[in-house]
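The values are calculated or read from the model by the stated rules, or taken from the named source; none is laboratory data. All values derive from a computational prediction rather than experimental measurement. Note that each Cβ is placed from the backbone with ideal geometry, even for glycine, and that neighbours are counted across all protein chains shown. To get the accessible areas, we keep the full protein, side chains included, count just its heavy atoms, and leave off ligands, DNA and RNA. Shrake-Rupley method; radii C 1.70, N 1.55, O 1.52, S 1.80 Å.
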Amino acid sequence: KGLKSRIVGMVHSTMADSFEKVIETAHQVCIGSERDDEVRSVDHLLEIAAQQHQAVTGVAGTIDAVREHRPLTLYYAEGLKLAGKICVECGAVYGTDKAAPCPSCGSHLEESEDLIDQLLVVTLNCGARIEQVRGAAAKKLRNVGGIGAVLRY
């Protein structure tokens, strides 16, 4: 029973297959399993966000949730870039529409062409998980802004 939960797929090979071929085949099965898990996770995120129940999708809502330390898990599509503003003093992250000064500490807001790194740092510092999704999951997430989060509260 314990072993069954750790099996992600099955493949056929022959004794004539090289070690490298076996490893490459196993690697491809693992990648496929990971992409499937990502799709299931994004589907779950989209489902609970649609019900407006402890999840958010889109740039503005997700940035607000990260700033408030609410994410349990942050999801973002591979290659996503988000423009916005970062407070030079407290590191708070805001969308492009936020006017200075920082509402949290009153300091200057600096323009940023890519907020992803700062969002990830803030998310990790509040103990949340981060999932970068690829393939079909990334495509689904891009349809709602490329980013979202399952929330703690």
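See the values below:
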| read-out | value |
| --- | --- |
| Val133 - accessible surface, heavy atoms, 1.4 Å probe, Å² rounded to 10 | 0 |
| Cα-centre dipole for segment 33-153 with unit charges at Cβ (Lys and Arg positive, Asp and Glu negative), debye to 20 | 220 |
| Given (i) 8.3; (ii) 12.0; (iii) 10.9, the label whose value is mean projected area of the Cα convex hull in nm² derived from this model | (ii) |
| Where Val22, Val29 fall by accessible area, highest first, once all protein chains stay in place (1.4 Å) | Val22, Val29 |
| Protein accessible area in segment 3-153, 1.4 Å probe - carbon and sulfur % | 52 |
| Percent antiparallel among DSSP beta bridges (both partners in the chain, rounded to 5) | 75 |
| Highest average packing first - 105-118, 54-67, Cβ atoms within 10 Å | 54-67, 105-118 |
| At least 15 Å along the helix axis (C-alpha) and Kyte average at least -1.0, DSSP helices within the chain | 19-50 |
| Accessible area (Å², per residue) of the chain, counting only protein heavy atoms and a probe of 1.4 Å | 62 |
| Over 32 Å between alpha carbons, listed pairs Lys1/Lys139; Lys21/Lys139; Lys1/Lys81 | Lys1/Lys139; Lys1/Lys81 |
